[in-house]
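Asker: Got a structure for you, questions after.
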Amino acid sequence: FYNYKRIFQPYIEEIGKRKKRNDVPWLSYEEIIALIDGKEVTHSKREKETWILTKKSQWNIITGKKAEEIKNSFTHYFFSKNIDTVKGMVANKGKYKGKVKVLKTIFSDKIMEEMKKVEKGDVLVANTTGPEVMSACERAGAIVTDEGGITSHAAIVSRELRIPCIVGTKIASHVFKDGDIVEVDANRGIVKRIKRS
C-alpha cells in the first residue's frame, strides 16, 4: 500500500489511458484483469461511496447500506470509547516516553510532508512503515504500528536503531493523535497515553 504511488500507480494510469477509463484505481484486481481481457466491467462509484472488504465475506466487496452499517459499527466499537491504552507485539524491547507523531502512510501522496513533522525523540505511530519513511524512523525515540510482525520493516529498523518498538496494535494510529504524550512499554507490548494533546 505505501508503495502504491511508486510501484503500482504508473500501471494503473496506463491501463486507464488504454481503456479510456478514469475509475481504474477503484477497481478490484479481478475487475482490472477482466478489463484487460476486454470484458465488460461496470464503471465504479467506489471513489464516492463506502465499501468494505472482509474475510467473513470471502473478500467480496460490500457496498451501500450494509457497508455503512459495518463502518458505523466498527467506528463505534473501536473509537467511541475513551481508549488510552493499546496492546501489540513486542518487536524490540525497551521503555520510552515521548510525544506522538502519527504518520499517514497508506494511500498518502504527502509522505514527505508527513515525515517532516517527526522530530528527534518523537514516538512515531503509523499504520505501517517502509523504506520511504526511513529518515523519520531514524529521528524517532520509539516506533508503534497498526500492522506488522517481528519481521516487518518497523521491527527490523527498530532493532538496528536500538529503539523500542511495538507492532500489530491494529488501532494505534486511530487512537493516538499528534502531540499526545505516551509511554511505550515494549517489554510488555503496551502503549499508554499519559497526556492528551
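The values are calculated or read from the model by the stated rules, or taken from the named source; none is laboratory data. Nothing here was measured: the structure is a model prediction, and the numbers come from that model. As a convention, Cβ positions derive from the backbone with ideal geometry for all residues, glycine included, and neighbour counts pool all protein chains shown. Areas reflect the complete protein model, heavy atoms only, side chains present, ligands, DNA and RNA absent. Shrake-Rupley method; radii C 1.70, N 1.55, O 1.52, S 1.80 Å.
Asker: Could you work out the relative contact order of region 48-197? I mean the mean sequence separation of Cα pairs under 8 Å and 6+ apart, divided by the number of residues, in percent.
Answerer: So the answer I get is 27 percent.
Asker: Angle, helix 9-19 long axis vs. longest principal axis of the chain, Cα atoms, 0 to 90°, nearest 10?
Answerer: Result, in degrees: 10.
Asker: Spin-label point model (7 Å from Cα, Cβ direction): what's the Tyr29 to Asn72 distance in nm?
Answerer: Using points 7 Å along Cα→Cβ, the separation is 3.3 nm.
Asker: Residues of region 37-81 with backbone nitrogen within less than 11 Å of a virtual label 7 Å along the Cα-to-Cβ line of Lys19, please, listed as ranges.
Answerer: 37-44
Asker: With all protein chains present, how much of the accessible area of the chain (probe radius 1.4 Å) comes from carbon and sulfur, to the nearest whole percent?
Answerer: Accessible surface attributable to carbon and sulfur in the chain totals 54 percent.
Asker: Would you work out which of Ser73, Ile111, Thr151 lies farthest towards the positive end of the dipole of the chain, given +1 charges on the beta-carbon of Lys and Arg and -1 on that of Asp and Glu, about the Cα centre?
Answerer: Value computed over the given set: Ser73.
Asker: Run through the DSSP bridge list for the chain and note the antiparallel percent, rounded to the nearest 5.
Answerer: Roughly 65 percent of the beta bridges in the chain run antiparallel, per DSSP.
Asker: Calculate, in nm to one decimal, what Asp178 and Lys104 gain on full extension: separation in residues at 0.36 nm each, minus their alpha carbon distance.
Answerer: Result for the pair: 25.5 nm of gain on full extension.
Asker: Divide the volume of the convex hull of the Cα atoms of region 43-131 by its number of residues and quote the answer in cubic angstrom per residue.
Answerer: Convex hull volume per residue, Cα atoms: 183 Å³.
Asker: On average, how much area does the Cα convex hull of region 114-162 cover when viewed from any direction, in nm²?
Answerer: Mean orientational projected area (region 114-162, Cα hull): 2.9 nm².
Asker: Could you report region 1-72's accessible area per residue, 1.4 Å probe, as an integer in Å²?
Answerer: Per-residue value: 83 Å².
Asker: In Å, what Rg and Dmax follow from the Cα atoms of the chain?
Answerer: 19.0, 56
Asker: Also, quick follow-up: Plugging the Kirkwood radius over Cα pairs into Stokes-Einstein for region 1-77, at a temperature of 4 °C and a viscosity of 1.567 mPa s, what D comes out in µm²/s?
Answerer: Diffusion coefficient, whole number: 92 µm²/s.
Asker: Right, something else. Pairs Lys95/Lys192; Lys116/Lys177; Lys97/Lys170; Lys66/Lys170; Lys55/Lys177; Lys45/Lys66: which are spaced more than 18 Å apart, C-alpha to C-alpha?
Answerer: Beyond 18 Å: Lys97/Lys170; Lys66/Lys170; Lys55/Lys177.
Asker: Averaged across orientations, what area in nm² does the convex hull of the alpha carbons in region 97-197 project?
Answerer: Seen from a random direction, the Cα hull of region 97-197 projects 5.5 nm² on average.
Asker: Sticking with this structure for a sec: Within straight cross-link reach of Lys39, meaning Cα distance under 16 Å, which lysines are found once same-chain residues fewer than 8 apart are removed?
Answerer: Lys19, Lys20
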